[in-house]
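To start, the structure under review is shown below, and the notes come after it.
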Amino acid sequence: MAHKKGQGSSRNGRDSKPKMRGVKRYGGQVVKAGEIIVRQCGTKFYPGEGVGIGRDFTLFALRPGQVTFEGPTGRRRIAVYQQQAESTPEVAAVA
């Protein structure tokens, strides 16, 4: 009898899990501190003001605020700026 496995079954069966990369929060969206903005392979986007970078190049918010994409296409940056307090009209009590 031959000592070979048929159809190469021992060579198959290995696959990496999906990494779920991409932009998670877009420009103009509000984020909390620690929220992931972009998961990327390498530095497609660079961290700007209020944004940190992880060891796998994940960009995350360091403070709460609004996400902005800025810069030329050569070195794109993502920044998080704190939101300005929205002025709400005070309701006068009718006596």
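The values are calculated or read from the model by the stated rules, or taken from the named source; none is laboratory data. Computed from a prediction, not measured in an experiment: that's the story for all the values here. Every residue, glycine as well, gets a Cβ built from its backbone with ideal geometry; the counts of neighbours run over all protein chains shown. Side chains are part of the model used for accessible areas, which takes the heavy atoms of the whole protein and leaves out ligands, DNA and RNA. Shrake-Rupley method; radii C 1.70, N 1.55, O 1.52, S 1.80 Å.
Where residues in the stretch 1-17 are assigned to a loop (DSSP other than H, G, I, E, B) and open to solvent by 100 Å² or more (accessible area, probe 1.4 Å), which of them is modelled with the lowest pLDDT? For the stretch 1-17, the residue satisfying everything is LYS5.
Can you confirm whether ALA33 is assigned to a loop (DSSP other than H, G, I, E, B), among the hydrophobic types (A, V, I, L, M, F, W, C) and open to solvent by less than 70 Å² (accessible area, probe 1.4 Å)? Criteria met by ALA33.
From the list LYS32, LYS24, pick out the single residue that is touching a Pro at 6+ places or on another chain (Cβ under 6 Å), among the charged types (D, E, K, R) and modelled with pLDDT of 95 or more.
LYS32
In the stretch 56-74, the residues that are over 20 Å from ALA33 (Cα atoms) form Cβ pairs under 6 Å with partners that are open to solvent by 70 Å² or more (accessible area, probe 1.4 Å) and of a type in the set (Lys, Arg), at six or more places apart or across chains, as follows: GLY71/ARG77.
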